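*Asks:* Below you'll find the structure I mean.
Bear in mind that the values in this text are calculations on the coordinates, not laboratory data. Here the structure is a predicted model, which means the values were calculated and not measured. Note that each Cβ is placed from the backbone with ideal geometry, even for glycine, and that neighbours are counted across all protein chains shown.
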Amino acid sequence: MKSARQGDIDAADLVVFDLDGTLVDSREDIARAVNQGIVSVGGKELPIEDIIPHIGRPLVDTFKDLLPAELKRMAQGAAETFRQYFFRHCAETSRLYPGVLGCLENLQAVSRAVATTKMTFMAVKVVEEMGIARHFDLVQGSDGLPHKPDPAVLSRVLEKLGKQPHKSWFVGDTVYDIRAGQAAGMRTCAVTYGIGLVDELEQAAPDLLLGSLVDLPARIRSG
């Protein structure tokens, strides 16, 4: 794991967060919606624990992986059912991870954004339901953009907010997040409580590796 230089940390003026697995523990709500999609095209419900490792990947790819061979052609339809169901039920069991609210409140001097594989309208709905929308200058989904680890969604955030990559951080819970941040020229922070495996996150060499976001504000200060 690399260590960011103190001078670089002091100069940071943007922190971008992944959504699912980083800010919000939405695994059960997402898994339920995935099962709705599977059933809608004639498949059988899967155990939640079989779905969780796929969370954060492009939705159609997830269904191609989870549907039986004879139904894989129905992945797009299953994804559409997912979106409709999840929009209505995105906050039934979802909760902020411990430390998230305090972290956001203690980063008031720094611009904050969300960058997620979700469509923007869905991501906005989630942050509103979680009561944290007021903390973000921008919520950016991957509408028509390549998905992480491609840095496109992060480049879009930097462009819209007029920020420089070397003064910006991306915080996520998977290797895809860390690689996307690095490819965008940003500094990266991996959290260990989400979907990603700790040893894989360590191998991705983020600038910071944290067990709770409550520790993040002490490491990032506006310059």
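*Asks:* Helix-only estimate, please: 222 nm mean residue ellipticity of the chain, summing -39500 (n - 2.57) across DSSP H runs of length 4 or more and dividing by its residues, to the nearest 500.
*Replies:* On the way: 10 runs with 88 residues, N = 223.
Rounded to the nearest 500, it is -11000 deg cm²/dmol.
*Asks:* Could you please report the charge total around Asp61, scoring K, R as +1 and D, E as -1 over all other residues with beta-carbon less than 13 angstrom from its beta-carbon? Show your work: numbers first, answer last.
*Replies:* Working: positive: Arg57, Lys64, Lys72, Lys148; negative: Asp65.
Taking every other residue near Asp61 into account, the sum is +3.
*Asks:* Here's a follow-up. Using a Cα-Cα cut-off of under 27 Å, which lysines could be cross-linked to Lys125, ignoring same-chain neighbours fewer than 8 residues away?
*Replies:* Hits, sequence-local ones excluded: Lys64, Lys148, Lys160, Lys163.
*Asks:* Could you list the trypsin sites (Lys or Arg not before Pro) in region 117-223 that lie in coil according to DSSP, counting only those with at most 15 other Cβ atoms within 10 Å of their Cβ? All intermediate terms of the calculation are to be shown ahead of the outcome.
*Replies:* On the way: sites: Lys118, Lys125, Arg134, Arg156, Lys160, Lys163, Lys167, Arg179, Arg187, Arg219, Arg221; in loops: Lys118, Lys163, Arg219, Arg221.
Answer in residue order: Arg219, Arg221.
*Asks:* What is the chain's relative contact order, in percent, from Cα pairs under 8 angstrom and six or more apart in sequence?
*Replies:* Values: 429 pairs, mean separation 64.5, N = 223.
After rounding, I find 29 percent.
*Asks:* Take every Cα pair under 8 Å in region 120-210 that's 6+ residues apart, average their separations, divide by the length, and report that relative contact order as a whole percent. Display every interim value, and only then the final one.
*Replies:* Numbers: 134 pairs, mean separation 19.1, N = 91.
Reported as a whole number, the value is 21 percent.
*Asks:* Classify region 169-220 from the C-alpha gyration tensor, please: rounded if a/c falls under 1.5, else prolate or oblate depending on whether a/b exceeds b/c.
*Replies:* Numbers: a/c = 1.91, a/b = 1.08, b/c = 1.76.
Here region 169-220 falls in the oblate category.
*Asks:* Considering Cα pairs under 8 angstrom that are at least six residues apart, work out the relative contact order of region 27-89 and quote it in whole percent.
*Replies:* Numbers: 69 pairs, mean separation 27.3, N = 63.
Over region 27-89, the number comes to 43 percent.
*Asks:* Nearest 5 percent is fine: what portion of the DSSP beta bridges confined to the chain is antiparallel? Display every interim value, and only then the final one.
*Replies:* Values: 2 of 21 bridges.
Roughly 10 percent of the beta bridges in the chain run antiparallel, per DSSP.
*Asks:* Right, next: Could you tell me whether region 27-89 comes out rounded, prolate or oblate from its Cα gyration tensor? Rule is a ≥ b ≥ c as square roots of the eigenvalues, rounded for a/c under 1.5, then prolate if a/b exceeds b/c, otherwise oblate. The partial results should precede the final answer.
*Replies:* On the way: a/c = 1.44, a/b = 1.20, b/c = 1.20.
Note, shape of region 27-89 comes out rounded.
*Asks:* Dipole of region 1-156, Cα-centred, from +1 at each Lys and Arg C-beta and -1 at each Asp and Glu C-beta, to the nearest 20 debye? Working shown, then result.
*Replies:* On the way: 18 positive and 22 negative charges, 58 e Å.
Result for region 1-156 is approximately 280 debye, rounded to the nearest 20.
*Asks:* A follow-up question, please. Let me know the longest stretch in the chain that avoids all GluC sites (Glu not before Pro) found in a DSSP loop with at most 16 other C-beta atoms within 10 Å.
*Replies:* Values: sites that count: Glu45, Glu92.
Counting at most 16 other Cβ atoms within 10 Å as exposed, the longest clean stretch of the chain is 93-223.
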